[in-house]
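Quick notes on the structure that follows.
The values are calculated or read from the model by the stated rules, or taken from the named source; none is laboratory data. As the structure is a computational prediction, the values presented were derived from the model and not from experiment. Reconstructed Cβ throughout: ideal geometry from the backbone, glycine too, with neighbour counts over all protein chains shown.
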Amino acid sequence: MTLAVYNSSTDVERYSCSTCFADVFYAVHDREDMIDIAIGLLDHPDGARAEGLLAWSYGKVGWEADVAGGWRDELVGSVKTLSKEWAVLIDENST
């Protein structure tokens, strides 16, 4: 795979496959210790969620402060509520 980079703004880089244009990862200059990876590209024995490799934070939204007061507040609230409900189901099924 050959990566292509697109600067969607001055401090944001979006990397994708230059052949099929699948998203690969997203990087923001002021978050040097973190990138967002398109997990659909990972091939892991645990399946699509790659739970042996990744940590999932149910009920937390990483970009919540970025959308506060805007039209996406309702979306953030729904994500937080539904992910907490999902976490309870996972806990119940693991015992």
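Every condition in (1) under 13 Å from the mean Cα position of the chain (by Cα); (2) not in a loop (DSSP other than H, G, I, E, B) holds for residue 77 except the one numbered (1). Residues that are surrounded by 10 or more Cβ atoms within 10 Å (Cβ to Cβ) and among the small types (Gly, Ala, Ser) within the stretch 77-95 comprise 77, 78, 83, 87, listed in sequence order. Taking the listed residues 63, 71, the one that is closer than 29 Å to residue 88 by Cβ and at pLDDT below 85 is 63, with no other qualifying.
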